[in-house]
Amino acid sequence: MSQNNVLKGVFLVALGATTYGMLATFVKIAYSEGYTTAEVTSSQFIYGITGILLINLFQRIKNKNQAVKATPKNIFNLMLAGTSLGMTSLFYYLAVKYIPVSIGIVLLMQTVWMGVLLEMILEKKLPSKQKVIAVFIVLFGTVLATNLINSDIKLDWRGLAWGIMAAASFTTTMFTANRVATEISSAQRSLYMLLGGSIIVFSFAFFTQVSPFNLEIFLKWGIVLALFGTIIPPMLMNAGFPLTGIGLGSIVSALELPVSVMMAYVLLNEKVVFSQWVGIVLIILAIIIMNVNFKAKK
């Protein structure tokens, strides 16, 4: 693989992570304007599905219908996997409703140790020392990044619970997304996963939206949330990861964490103390440790 291709991959993954890192701040602003979680998630998924449908249509025309088509089994498995995608969006947006965005993104990054745990269960083997060290660094970094050492800070337990649930569902999404129906195009896979996620999102909206649905969300925030949450990041990352490889790509995608915290600091005026920045750096360090091969080459 040429150096230019690697650099291109790094740029694509970095841009995708940066874009996704901005998402929660826009959600928080939408909340401040009176929109509900049901309105935010529904508008995002409707526009997201529409956008991915158009991308699929463009690719079919470009490839003259020669691309591998999804089988009914592929569609079912992808939609089933997509339910965790819908739950991730719901849980994450519910979390930032009760806690600062800077805390919510740190909780979402608990996928680092959750992924190690899930891998250990599925593959039935103990993780390497390198991964164990990384997990402890993540846990210590989380204590600092969430400012739990400050006894004056009281975080809403509902936000913490939703944040951990978001991390758990996101861990499931990452594992299934890289293992289900990989023989078809990423645009097709994204479409069916979004359709699966929409079942969760629309069901939530149906049962929780007690007031009339505010259709203005589609004009004001729906397109922005879809672009920054369900269209641009997965497209860029799907294009970038094959060029960087999983290890380097995972390191670069950690940019999502500082970008999200910085956006919350600048646009929402969330207070972020020095110890929190230290915790964020430690979490990024843990991601690097997990993905770098420290064995000396002979």
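The values are calculated or read from the model by the stated rules, or taken from the named source; none is laboratory data. Please read these numbers as outputs of a predicted model, since none were measured by experiment. Cβ sites come from the backbone with ideal geometry, for glycine too, and all protein chains shown count toward neighbours. The accessibility values were calculated without ligands, DNA or RNA, using every heavy atom of the protein model including side chains. Shrake-Rupley method; radii C 1.70, N 1.55, O 1.52, S 1.80 Å.
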Task: Members of region 106-124 found to be of a type outside the set (A, V, I, L, M) and farther than 14 Å from I137 by Cα, listed by number - done: G115, E119, E123, K124
Task: Condition met for F136 (of a type in the set (F, W, Y), under 28 Å from A181 (Cα atoms), at pLDDT 90 or above and surrounded by fewer than 18 Cβ atoms within 10 Å (Cβ to Cβ)) - done: no
TODO: Within region 163-197, track down each residue that is of a type outside the set (F, W, Y) and within 14 Å of G51 (Cα to Cα).
DONE: S186, A187, Q188, R189, S190, L191, M193, L194, L195
- [ ] Select from region 192-222 the residues that are among the aliphatic types (A, V, I, L, M), open to solvent by less than 40 Å² (accessible area, probe 1.4 Å) and farther than 14 Å from T37 by Cβ and list them in ascending order.
- [x] M193, L194
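Table: residues versus (1) closer than 24 Å to K28 by Cβ; (2) touching a Gly at 6+ places or on another chain (Cβ under 6 Å); (3) open to solvent by less than 60 Å² (accessible area, probe 1.4 Å).
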site: L107; (1), (2), (3): yes, yes, yes
site: I121; (1), (2), (3): no, no, no
site: I149; (1), (2), (3): no, no, no
site: T171; (1), (2), (3): yes, yes, yes
site: V180; (1), (2), (3): no, no, yes
Open item on the list: Checking the structure you have, find out if any residue of region 223-235 is modelled with pLDDT of 90 or more, open to solvent by less than 40 Å² (accessible area, probe 1.4 Å), within 23 Å of V96 (Cβ to Cβ) and β-branched (V, I, T).
Closed with: no
- [ ] Among the candidates T182, T173, single out the residue that is without any contact (Cβ under 8 Å) to a residue 12 or more places away in the chain, closer than 30 Å to P242 by Cβ and not small (G, A, S).
- [x] T182
